[in-house]
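What follows is a single structure, written as structure tokens, with notes after it.
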Amino acid sequence: MEKEKPSRQLRERLDSLEEAERHWILGRETDDPLRYAFESKRLVHPFIPGNMLPEPETRESWRKLMKTQWMPEGSKRSAYIHIPFCQTKCLYCGFFQNFGDQLLEDDYIRCLVEDLRLSGKEPLVYSGPFHAVYIGGGTPSILSADNIRRLMRAVRESLPLANDCEITFEARFHEFTREKIDACLEEGVNRFSLGVQSFDTDVRRRIGRVESQEQILDRLAYIHGMDQAAVIIDLMFGMPGQSMDIWGRDLSTMAQSDLDGGDLYQLNVFNKGPLKRAIDQGSLPAPSPTSEQAAMFEAGVATLRSKGFQRLSVCHWTQSTRERNLYNFFAKSGAVTVPFGAGAAGKGFGHTFMLNRDIHEYIKEIDQGNKPLLFLMETHEDGRIFNEIVSQMDRGRLNLTWFRLKHDLDLPTILEPVFSAWVDRGLAEWNGEFLDLALAGQFWYVNLTQAILDCLLMLKHDEKPVLPVAGVSAQG
Ligand SMILES: C[S@@+](CC[C@H](N)C(=O)[O-])C[C@H]1O[C@@H](n2cnc3c(N)ncnc32)[C@H](O)[C@@H]1O
Ligand code: SF4
């Protein structure tokens, strides 16, 4: 990152933008920034640019990386293991890859175990501890109890897990039988992340979920009663037919359910996705407009605070000492993540990696003794700074002194026009040491984070930024 640039330079760059583009950076002037500071959510996640390596270099770069000894220098690392199957396809979801099939699942787990075993022989993997393992999807809970055991044994045999390693298993309720829950707990899972979305049976079924509220509460009580692992749920707000009253009941039920924590996610509607099609065809009611989603966000913060929950990030809440949220915290801050499985993503050492999403290609590559790489991307040269910005904004507060001491980067000087506008517009508070997101800034934190990245890139490359705006907003 170039050293300190005067705020005048950024002011000039901002003046050269079209008004609509400037609004994506500064927000709009309005009496109600929570609802109206932006037209919509710009992207699902902030976007950090990088350079795709040409294919011939991909394998060689991966090989070199795996031969490196792990030099932690105080940082932690994770493994991500992907299960690309679901029993049903939920209308809102962009994560679906394959329907479950027992024969294919058995073959896939055989290959995943081999993927872990082969990587476990590499210096990068065996030369230091892993602090978080995330088994995500798709739906890991679709796996048979035997396959859960096979996978978990391979994880423990192939990865040197730290004694306090967080091991998360992502699940939905549909197929998560007691036998499977017991298999997870017996094999060392210590955290469940469960997709509830809404406790309201009608809202759930409308978007493709299966169980009733009673079935969910019964299963949650069983898992909680085992008292062996952190239990976290995901809720979404703004779904079709989910009124403010229903959302209020969702929050109260969550607060009464003896959970260790949960995420409250704003619904993203993908422009070409099945949910959008169903709404456009009139077979589903429209989801709440962004302004109402903002009010739901506000209600979520107020309710969970009043019930004694604490906040670990803008979306993530805890009410127990069991929940640490390590994997998500490491992933956001750019820590090394080693990927396993078809469609798994990883990062570290200035690279982002993606494994082949095609399950048959994945199986073929593993059978030939290869890591099934789809691509390697070199992260932008300031990727570490960008990741840290994303991570801190995700927690609602930028530590400005930290950037000065660690990266010789004077954000208050460089970004003064932006920070001042956000303070004027009710999105943030700012003193010499910290930029704190106000409630409105927390709701719009993806837009604000992307705006910071855009400004830094604009100054660095001395050109107009490509302002990414994806079609993922809520309606209205
Ligand atoms: C990787 S998904 C998979 C979860 C798991 N397969 C399930 O069905 O419960 C993790 C979480 O992302 C959230 N999510 C998925 N699609 C979303 C969308 N379109 N908008 C907001 N959140 C979404 C949901 O809360 C979901 O539980
Ligand atoms: S929400 Fe979960 S179960 Fe539903 S399609 Fe997405 S990944 Fe599969």
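Residues that are within 16 Å of ligand 2 (Cβ to nearest atom), at least 2 per element: which strands (runs of 3 or more DSSP E) completely within region 42-138 meet that?
77-83, 130-137
Is there a residue being surrounded by fewer than 23 Cβ atoms within 10 Å (Cβ to Cβ), within 16 Å of ligand 2 (Cβ to nearest atom) and farther than 30 Å from residue 159 by Cα anywhere in region 186-196?
No, region 186-196 contains no residue that is surrounded by fewer than 23 Cβ atoms within 10 Å (Cβ to Cβ), within 16 Å of ligand 2 (Cβ to nearest atom) and farther than 30 Å from residue 159 by Cα.
All but one of (1) open to solvent by less than 50 Å² (accessible area, probe 1.4 Å); (2) closer than 23 Å to residue 88 by Cβ hold for residue 271, so report the exception by its number.
Going through the list (1) open to solvent by less than 50 Å² (accessible area, probe 1.4 Å); (2) closer than 23 Å to residue 88 by Cβ, residue 271 breaks only (1).
May I ask you to say which residue of 61, 40 is of a type in the set (Gly, Ala, Ser) and outside the structural domain of residue 292 (by TED's automatic domain parsing)?
40
Mind listing just one residue for me: the one in region 173-184 that is modelled with pLDDT of 95 or more and surrounded by 17 or more Cβ atoms within 10 Å (Cβ to Cβ) and, of those, nearest to ligand 1 (Cβ to nearest atom)? So that I can check it myself, show each step before the final result.
Taking region 173-184 and keeping what is modelled with pLDDT of 95 or more, we get 176-184.
Still in the running and surrounded by 17 or more Cβ atoms within 10 Å (Cβ to Cβ): 176, 180-181, 183-184.
Numbers: 176: 10, 180: 14, 181: 15, 183: 18, 184: 15 Å.
Ranking the candidates gives 176 first.
If you check residue 166 against the conditions, is it within 14 Å of ligand 2 (Cβ to nearest atom) and outside any helix (DSSP H, G or I)?
It is false that residue 166 is within 14 Å of ligand 2 (Cβ to nearest atom) and outside any helix (DSSP H, G or I).
In region 340-358, how many are crowded, with 23+ Cβ neighbours inside 10 Å and assigned to a strand (DSSP E or B)? Let's see the steps before the verdict.
So the first thing to find is which residues in region 340-358 are crowded, with 23+ Cβ neighbours inside 10 Å, and the list is 340-342, 344, 347, 353, 355.
Subset that is assigned to a strand (DSSP E or B): 340, 347, 353, 355.
Here the count works out to 4.
For region 376-417, which residues satisfy the criterion of being more than 18 Å from residue 312 (Cβ to Cβ) and not in a helix (DSSP H, G or I)?
376, 377, 378, 379, 380, 381, 382, 408, 409, 410, 415
Going through region 383-442 one residue at a time, which ones are under 21 Å from the mean Cα position of the chain (by Cα), without any contact (Cβ under 8 Å) to a residue 60 or more places away in the chain and open to solvent by 50 Å² or more (accessible area, probe 1.4 Å)?
Selection gives 384, 397.
What's the number of the condition residue 288 fails, among (1) without any contact (Cβ under 8 Å) to a residue 60 or more places away in the chain; (2) assigned to a loop (DSSP other than H, G, I, E, B); (3) under 22 Å from residue 93 (Cβ atoms)?
Tallying (1) without any contact (Cβ under 8 Å) to a residue 60 or more places away in the chain; (2) assigned to a loop (DSSP other than H, G, I, E, B); (3) under 22 Å from residue 93 (Cβ atoms), residue 288 fails exactly one: (1).
Name the residues in region 269-293 that are basic (Lys, Arg) and at pLDDT 90 or above, would you?
Within region 269-293, 276, 277 meet the criteria.
Could you tell me how many of the residues in region 195-220 are in a helix (DSSP H, G or I) and either within 21 Å of residue 140 (Cβ to Cβ) or not assigned by TED's automatic domain parsing to the domain that holds residue 168 (or both)?
Qualifying residue count, region 195-220: 6.
When you check residue 208 against the structure, is it modelled with pLDDT of 95 or more, of a type outside the set (Ser, Thr, Tyr) and within 16 Å of ligand 2 (Cβ to nearest atom), yes or no?
No: the conditions fail for residue 208.
Answer yes or no as to whether residue 304 is in a loop (DSSP other than H, G, I, E, B) and at pLDDT 95 or above.
The answer is no for residue 304.
Which residues, counting only those in region 159-172, are more than 25 Å from residue 261 (Cα to Cα) and open to solvent by 20 Å² or more (accessible area, probe 1.4 Å)? Give the steps one after another, and end with the answer.
From region 159-172, those more than 25 Å from residue 261 (Cα to Cα) are 159-160; that's our starting set.
The answer is 160, and nothing else.
Condition (residue is within 30 Å of residue 161 (Cβ to Cβ), touching a residue at least 24 places away in the same chain (Cβ under 8 Å) and of a type in the set (Val, Ile, Thr)) applied to region 13-36: is it met by at least one residue?
Looking through region 13-36, none of the residues is within 30 Å of residue 161 (Cβ to Cβ), touching a residue at least 24 places away in the same chain (Cβ under 8 Å) and of a type in the set (Val, Ile, Thr).
Among the numbered criteria (1) over 21 Å from the mean Cα position of the chain (by Cα); (2) more than 27 Å from residue 32 (Cβ to Cβ); (3) within 16 Å of ligand 1 (Cβ to nearest atom), which one does residue 289 miss?
Checking residue 289 against (1) over 21 Å from the mean Cα position of the chain (by Cα); (2) more than 27 Å from residue 32 (Cβ to Cβ); (3) within 16 Å of ligand 1 (Cβ to nearest atom), the one that fails is (2).
Out of 227, 234, 245, 250, which single residue is over 21 Å from residue 304 (Cα atoms), assigned by TED's automatic domain parsing to the domain that holds residue 175 and either open to solvent by less than 20 Å² (accessible area, probe 1.4 Å) or at pLDDT 95 or above (or both)?
227
Could you check residue 207 against (1) at positive phi; (2) crowded, with 18+ Cβ neighbours inside 10 Å; (3) out of contact with any Asp or Glu (no Cβ under 7 Å at 6 or more places or on another chain) and say which number it fails?
Exception for residue 207: condition (1).
How about region 63-101: which of its residues are of a type in the set (Phe, Trp, Tyr), in contact with a Cys (Cβ under 8 Å, 6 or more places away or on another chain) and open to solvent by less than 50 Å² (accessible area, probe 1.4 Å)?
Within region 63-101, 96 is the sole residue that qualifies.
Condition test on residue 328, is it open to solvent by 10 Å² or more (accessible area, probe 1.4 Å) and more than 27 Å from residue 103 (Cβ to Cβ)?
yes
Only one of (1) more than 16 Å from ligand 2 (Cβ to nearest atom); (2) within 23 Å of the chain's Cα centre (by Cα) is not met by residue 252, so which one is it?
Here residue 252 clears every test but (2).
I'd like the full set of residues that are among the hydrophobic types (A, V, I, L, M, F, W, C) and more than 15 Å from ligand 1 (Cβ to nearest atom), limited to region 159-172. Explain how you work it out, then say what you get.
Our first condition is that a residue be among the hydrophobic types (A, V, I, L, M, F, W, C); within region 159-172, this holds for 159, 161-162, 165, 167, 169, 171.
Result: 159, 161, 162, 165, 167.
The values are calculated or read from the model by the stated rules, or taken from the named source; none is laboratory data. Just so it is clear, the model here is predicted, and its values are computed rather than measured. Cβ: placed from backbone, ideal geometry, glycine included. Neighbour counts: every protein chain shown. Just so you know, the surface numbers come from the protein's heavy atoms only, side chains and all, with ligands and any DNA or RNA stripped out. Shrake-Rupley method; radii C 1.70, N 1.55, O 1.52, S 1.80 Å.
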